[in-house]
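*Asks:* Sending over a structure as structure tokens; questions will come in a sec.
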Amino acid sequence: MPHNSPAEVTAAEIARLAGVGRAAVSNWRRRHADFPRPVGGTETSPSFALPQVEAWLRAQGKLAEVPLRERVWQQVCGHPAGSVAALVEAGCALLVVRMRPTDWLELTAVSDERMAVLLPPVLDQVLTARLGPHHPLTDLARARTAAPGAFAAPGPASMPLLRAAAELAAELGASQAFEFLLGRHLDANPRQYTLTPEGPAALMAALAGPARSALDPACGTGTLLRAVRALA
């Protein structure tokens, strides 16, 4: 559901921003009366408004510049349709970066408004080639509007996130950039996901044996499917 509230960060995320351990953040909260007050979370795991945290860290000389990884993650958290929609959009854009790098450079040479117009046809081609013409994500590239809770083609407001994700891909690689963002999302929402460890997934795939196709109706992040693919 769309929202306009500022992105929130946990104590662990504040520690990443400042390049310190979590214990340092706890000390700051105790010793500095002007440290930002929690705006959400729980008593044992509070969350803080990101703009307030950034302003406090800079005023204390503890933050010169937000690292690229954190900047992209903050944009994911602040996406008006939520972090899941942001991950979908970023993942689609990273596929273009990986499969059509020349086209991506041309897309990013224009304004955000123009980029939002030119991107969907390219996304359509890339996703169709990768996932097939009837995959839900392929439909995403064609949709200009969507019902509440559904995904639509990225609009101008999403272009800064996509540009930043591509910048992160230049640093880490497209696949690694998405794995980083997905990993941060899973770390931030541990109660929403049950992950299959890679070891048991590899064992399950080995017991099943090689296959041309596999069905996992509760695939989660796809650990088991990746293990099956490795044996194909």
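The values are calculated or read from the model by the stated rules, or taken from the named source; none is laboratory data. What you see is a predicted model, and the numbers here were worked out from it, not measured in a lab. Glycine gets a Cβ as well: all are built from the backbone with ideal geometry, and neighbour counts include every protein chain shown.
*Asks:* Please verify whether F48 is touching a Lys or Arg at 6+ places or on another chain (Cβ under 9 Å), more than 30 Å from A153 (Cα to Cα) and crowded, with 21+ Cβ neighbours inside 10 Å, treating the condition exactly as stated. Don't jump to the end; show me each part of the working.
*Replies:* Numbers: touching a Lys or Arg at 6+ places or on another chain (Cβ under 9 Å): yes; more than 30 Å from A153 (Cα to Cα): yes; crowded, with 21+ Cβ neighbours inside 10 Å: yes.
In short, yes.
*Asks:* Take L105 and decide whether it is buried (at least 19 other Cβ atoms within 10 Å of the Cβ) and out of contact with any strand residue (DSSP E or B) (no Cβ under 9 Å at 6 or more places or on another chain). Walk me through it before giving the result.
*Replies:* Details: buried (at least 19 other Cβ atoms within 10 Å of the Cβ): no; out of contact with any strand residue (DSSP E or B) (no Cβ under 9 Å at 6 or more places or on another chain): yes.
No.
*Asks:* Could you check, for the range 138-148, whether at least one of its residues is assigned to a helix (DSSP H, G or I) and at pLDDT 90 or above? Steps first, answer last, please.
*Replies:* Step one: of the range 138-148, the residues assigned to a helix (DSSP H, G or I) are 138-142.
Those still in the list that are at pLDDT 90 or above too: none.
No, the range 138-148 has no match at all.
*Asks:* Failed condition for A202, given (1) at pLDDT below 90; (2) surrounded by 12 or more Cβ atoms within 10 Å (Cβ to Cβ); (3) over 18 Å from C92 (Cβ atoms), with all others met?
*Replies:* (1)
*Asks:* Among the numbered criteria (1) closer than 14 Å to R163 by Cβ; (2) touching a residue at least 24 places away in the same chain (Cβ under 8 Å), which one does L105 miss?
*Replies:* Against the list (1) closer than 14 Å to R163 by Cβ; (2) touching a residue at least 24 places away in the same chain (Cβ under 8 Å), L105 comes up short only on (2).
*Asks:* Of all residues in the range 174-232, which are among the β-branched types (V, I, T) and over 23 Å from Q74 (Cα atoms)? Break it down stepwise before answering.
*Replies:* Initial filter on the range 174-232 (among the β-branched types (V, I, T)): 194, 196, 221, 223, 228.
Of everything in the range 174-232, those that are among the β-branched types (V, I, T) and over 23 Å from Q74 (Cα atoms) turn out to be T194, T196, T223, V228.
*Asks:* Those residues that are surrounded by 13 or more Cβ atoms within 10 Å (Cβ to Cβ), small (G, A, S) and in a loop (DSSP other than H, G, I, E, B), I need them from the range 207-229; list them, please.
*Replies:* First, the residues of the range 207-229 that are surrounded by 13 or more Cβ atoms within 10 Å (Cβ to Cβ): 208, 214, 216, 219-228.
Next, only the ones that are small (G, A, S) stay: 208, 214, 220, 222, 227.
Once the filter is applied, which keeps residues that are surrounded by 13 or more Cβ atoms within 10 Å (Cβ to Cβ), small (G, A, S) and in a loop (DSSP other than H, G, I, E, B), the range 207-229 yields A214, G220, G222.
*Asks:* While we're on this one: Would you mind finding the one in E70, E8, E54 that is among the acidic types (D, E) and free of Cβ contacts under 8 Å to residues at least 40 places away in the same chain? Break it down stepwise before answering.
*Replies:* Values: E70 fails: free of Cβ contacts under 8 Å to residues at least 40 places away in the same chain; E8 fails: free of Cβ contacts under 8 Å to residues at least 40 places away in the same chain.
The match here is E54.
*Asks:* To continue, here is another question. So, R114, is that one within 20 Å of P160 (Cβ to Cβ) and basic (K, R) or not? Break it down stepwise before answering.
*Replies:* On the way: within 20 Å of P160 (Cβ to Cβ): yes; basic (K, R): yes.
Spelling it out, R114 is indeed within 20 Å of P160 (Cβ to Cβ) and basic (K, R).
*Asks:* Next up: Which one of the conditions (1) at pLDDT 85 or above; (2) out of contact with any Ser or Thr (no Cβ under 8 Å at 6 or more places or on another chain); (3) over 26 Å from G173 (Cβ atoms) does G41 fail to meet, given that it meets all the rest?
*Replies:* G41 satisfies all of (1) at pLDDT 85 or above; (2) out of contact with any Ser or Thr (no Cβ under 8 Å at 6 or more places or on another chain); (3) over 26 Å from G173 (Cβ atoms) except (2).
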